[in-house]
1. Can L152 be described as closer than 18 Å to A20 by Cα, touching a Gly at 6+ places or on another chain (Cβ under 9 Å) and in contact (Cβ under 8 Å) with a residue 60 or more places away in the chain?
2. So for region 33-45 (the condition being over 16 Å from V15 (Cα atoms) and either buried (at least 18 other Cβ atoms within 10 Å of the Cβ) or touching a strand residue (DSSP E or B) at 6+ places or on another chain (Cβ under 8 Å) (or both)), does at least one residue qualify?
3. For region 198-217, name all the residues that are within 16 Å of Q256 (Cα to Cα) and open to solvent by 70 Å² or more (accessible area, probe 1.4 Å).
4. I'd like the full set of residues that are open to solvent by less than 50 Å² (accessible area, probe 1.4 Å) and β-branched (V, I, T), limited to region 172-197.
5. For V15, indicate whether it is touching a residue at least 12 places away in the same chain (Cβ under 8 Å), closer than 26 Å to G147 by Cα and in contact with a helix residue (DSSP H, G or I) (Cβ under 9 Å, 6 or more places away or on another chain).
6. Would region 218-229 turn up any residue that is open to solvent by 30 Å² or more (accessible area, probe 1.4 Å), in contact (Cβ under 8 Å) with a residue 60 or more places away in the chain and closer than 25 Å to A11 by Cβ?
7. Can we say S166 is open to solvent by less than 20 Å² (accessible area, probe 1.4 Å) and of a type in the set (S, T, Y)?
Amino acid sequence: MNTIRTLQNLAGRQVLVTGATGSLGVVIAETLAELGAGLILVDIPGANFSGVKARILDAYDVDIDCYECDLESESERVALGRRVTEKYESLSCLVNNAAFVGSSDLAGWGVQFEHQSLDTWRRAFEVNLTSIFHLCQVFAPLLRAPGNGNILNIASIYGEYGPDWSLYDDSAMGNPAAYSASKGGLIQLTRWLSTTLAPNVRVNAISPGGIFRNQHEKFVERYVQRTPMARMAHEGDFRGSVAYLASDMSGYVTGQVLRVDGGWGVW
């Protein structure tokens, strides 16, 4: 009988994480390093790889490779696939964490629906959906190689539910259609891939609720009132779900969306 410790153990396995230097990406990478996985960290050019790598190596004795890649660029994704495939014979897990989230000053993004631009729509879909389809396609042979590889997609509650616009009153915050639609597409892609890549590759998603990042005070207050757990998430809330879905703990789980949202979706 396998023990829980054995099922969690990722020693000798390689895991690729996109968006690896962001707040959630660092927590994902640290979690996988704690389980013993070798890390392949991917993020945009100029990302703080050295700081993240030093932080992880200060706590865990694992191998870490870092690759710059602008996921909006098809050619850069192809180059990433070639470089990783040339060095590694297999991947245990691909964590598609990187996302186009825009910013308040990006034209045509966090504005009224009538003013949301096709350009930002296309950019969001390129990163949040097309690049994930592409990376899954590129790395499918490496994920099939060990016989128990898996893909973990980071989705969003807004890929499942419509926005409650009352949360945004009196704030400059927005909720772009492109973000929600692309994350909804990612959830369906997760289900599609789960039957297509079975039985050698499992495919699941985590659907995070809102993570506290010093948002507008009124938004936070309203969000908390609407959430059964009475708070917003913090990055550490996702360690357990990542450890579960990225390891053999979930060896008979595929095609699932695990909501880590403090109960947001139960109302």
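The values are calculated or read from the model by the stated rules, or taken from the named source; none is laboratory data. These numbers were taken from a predicted model, which means no experiment stands behind them. Positions of Cβ are backbone-derived with ideal geometry, glycine not excepted, and every protein chain shown enters the neighbour counts. When the accessible area is computed, the model is the full protein with side chains, heavy atoms only, and any ligands, DNA or RNA have been set aside. Shrake-Rupley method; radii C 1.70, N 1.55, O 1.52, S 1.80 Å.
1. Taking the combined requirement at face value, the residue does not satisfy it.
2. Yes, the conditions are met somewhere in region 33-45.
3. Of everything in region 198-217, just one residue is within 16 Å of Q256 (Cα to Cα) and open to solvent by 70 Å² or more (accessible area, probe 1.4 Å), namely P199.
4. I187, T190
5. yes
6. No, because not a single residue in region 218-229 is open to solvent by 30 Å² or more (accessible area, probe 1.4 Å), in contact (Cβ under 8 Å) with a residue 60 or more places away in the chain and closer than 25 Å to A11 by Cβ.
7. It is false that S166 is open to solvent by less than 20 Å² (accessible area, probe 1.4 Å) and of a type in the set (S, T, Y).
Rundown of residues vs (1) of a type in the set (A, V, I, L, M); (2) open to solvent by less than 60 Å² (accessible area, probe 1.4 Å); (3) under 20 Å from the mean Cα position of the chain (by Cα), yes/no style:
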residue	(1), (2), (3)
I64	yes, yes, yes
S75	no, no, no
V84	yes, yes, yes
V95	yes, yes, yes
G102	no, yes, yes
D105	no, no, no
Q112	no, no, no
N128	no, yes, yes
Q137	no, no, yes
